[in-house]
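The structure is given below, and queries will be raised subsequently.
Bear in mind these aren't lab numbers, they're just calculated from the coordinates by the rules spelled out. The structure displayed is predicted, hence computed values, not measured ones. Every residue, glycine as well, gets a Cβ built from its backbone with ideal geometry; the counts of neighbours run over all protein chains shown.
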Amino acid sequence: MSLQLEKIQAIIGPRRVGKTSVMFLAMDELRKQHEISPANILYFNFEDERLQFNSQNLDLLLQSWKELHPADSLDECRFFFDEVQAASGWERFYNNNIYYYTEPSSECDFIVYEEGGTALPIQVSWTLSSPDTRQREIKGLLKAASYCQVTEGLILTAEEEEDITIDGVHIQILPTWKWLLQSPHP
């Protein structure tokens, strides 16, 4: 996770591997090393059972912060949204770089728009060893690639690595750790 980027960053991976801990470490570094005021760092966990969020009221987070800090600009804030997928309609809230694709028969975990506007459909699955899982993940990726009119896609797994081409779409299957070490990537 880079603290120098001004874009949305997604931390992906299986449950209980430390994604939240990475966010807390990043927040701590922003306070200590980059001297960002704690008032300009917002952490929000969407799995908090006391909260009921949907796509109509996600904007309330920004409005509430602005009411609490009327003299500060949102441009100076850093937002950390944990388990954001638990908020129905969250993908419309992040309408600049990261999207989610779904239709009745398939879904794609992420569609990331790189600099210049090129879409990269990304699926995330622990393993593709089950034929049903493999078929489902590839089908969702192909549907998203067709929707975005692109010929590249990515499936992140725990350990599997493979390059395949199906229906004119090149699909790179990579272990998540290897993809995270590559530079640059969306």
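Long-range amide H contacts for residue 11: which residues qualify at under 5 Å (H placed 1.01 Å from N, peptide plane, sequence gap of 5 or more or a different chain)?
none
Right, something else. Provide the per-residue ³J(HN,Hα) series for the stretch 29-40, in order, calculated from phi with Karplus coefficients 6.51, -1.76, 1.60 and θ = phi - 60°, each as a whole number of Hz, with x at glycine and proline positions.
Whole-Hz 3J(HN,Hα) from phi for the stretch 29-40: 5, 4, 5, 7, 8, 9, 6, 8, 4, x, 5, 9.
Also, I was wondering about something else. What's the ranking of 76-83, 135-142 by average number of surrounding C-beta atoms within 10 Å, highest first? Display every interim value, and only then the final one.
Numbers: 76-83: 16.1, 135-142: 19.9.
Ranking the peptides 76-83, 135-142 by packing returns 135-142, 76-83.
Something else now. Figure the gain on full extension for residue 48 and residue 164 (residue separation times 0.36 nm, minus the Cα-Cα span) and round it to one decimal in nm. Please list the in-between numbers first.
Details: separation 116, 0.36 × 116 = 41.76 nm, distance 3.98 nm.
Result: 37.8 nm gained on full extension.
Also: Per residue of the stretch 66-73, in order, report the coupling 6.51 cos²θ - 1.76 cosθ + 1.60 (Karplus, θ = phi - 60°) as ³J(HN,Hα) in whole Hz, putting x for Gly and Pro.
My calculation for the stretch 66-73 gives 4, 5, 6, 10, x, 7, 9, 9 Hz in order.
Tell me the label-point distance for the pair residue 17, residue 177, using the 7 Å Cα-to-Cβ offset, in nm and rounded to one decimal.
0.9 nm
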